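**Student:** Take a look at this one; I'll ask things after.
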């Protein structure tokens, strides 16, 4: 059975959705995190990442296009708490924070 690299897995997947990667740098000295999000609906595609002093959050690219409850698409994705990094794919980031 052939195993694919993460790069190949993502490149060959037309919709990888939301994802989180956590690990260490090649030299083992640093923690490394990556987070991505894609959207199928117009509301989900209407978001961008912004820094906010405590981490990274999603924000509507065009606020006039928000329809219904935005809590599933507008949330803190990354929060820094002391020397700890909290990375999730929804409002649980703030619950943990």
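**Student:** When the residues of region 1-55 are filtered to those that are in a helix (DSSP H, G or I) and more than 21 Å from residue 65 (Cα to Cα), which remaining residue is nearest to the chain's Cα centre (by Cα)?
**Tutor:** It comes out as 10.
**Student:** Filter region 68-85 down to the residues that are assigned to a loop (DSSP other than H, G, I, E, B), touching a helix residue (DSSP H, G or I) at 6+ places or on another chain (Cβ under 7 Å) and either within 12 Å of residue 97 (Cβ to Cβ) or modelled with pLDDT under 85 (or both) and list them by number.
**Tutor:** 75
The values are calculated or read from the model by the stated rules, or taken from the named source; none is laboratory data. Model, not experiment: these values are computed from the prediction. In this analysis, Cβ positions are derived from the backbone assuming ideal geometry, glycine residues included, and neighbour counts consider all displayed protein chains.
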